[in-house]
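Peer 1: Okay, here's the structure, questions in a sec.
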Amino acid sequence: MYEAKNTPRILRMRDMPSKVGLRPSTIYQLVQAGKFPPPFKLVFGGRASGWLEEQIDSWLAAQSSRRGVVDSLTDPTGKLRCKSKKKNRRKEVSQ
């Protein structure tokens, strides 16, 4: 039977919350802030993207030796400091 020990494993977003313990929205905020490895496209011009498991393992090892990456995005109450770039598009209702 073939054993693929040296074959790199690609993690998709559905795998990431259980791997790193963060929600997808937090992962994307960390990527945007340059504090988490960015995903790569699996196919040129395609929509699917993922992370190499060894990159995520390295990031996790670095986080265990250095604290503050995720904490820097939160205030003392635990709420995220990063504000969404989306504008409130709710239309005012005139009476």
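Since every read-out is calculated from the coordinates, none of them should be taken as a lab result. Remember, predicted model here, so these are calculated numbers, not experimental data.
Peer 1: If I stretch the segment between residue 48 and residue 61 completely, what's the gain in nm (0.36 nm per residue apart, minus their alpha carbon distance), one decimal? Intermediate values should be presented prior to the final figure.
Peer 2: Numbers: separation 13, 0.36 × 13 = 4.68 nm, distance 2.62 nm.
Taking 0.36 nm per residue and subtracting the Cα distance, the gain is 2.1 nm.
Peer 1: Extension gain residue 19-residue 31, at 0.36 nm per residue separation less the Cα-Cα distance, in nm? Could the numbers behind the result be given before it?
Peer 2: Details: separation 12, 0.36 × 12 = 4.32 nm, distance 1.58 nm.
In short, 2.7 nm is gained.
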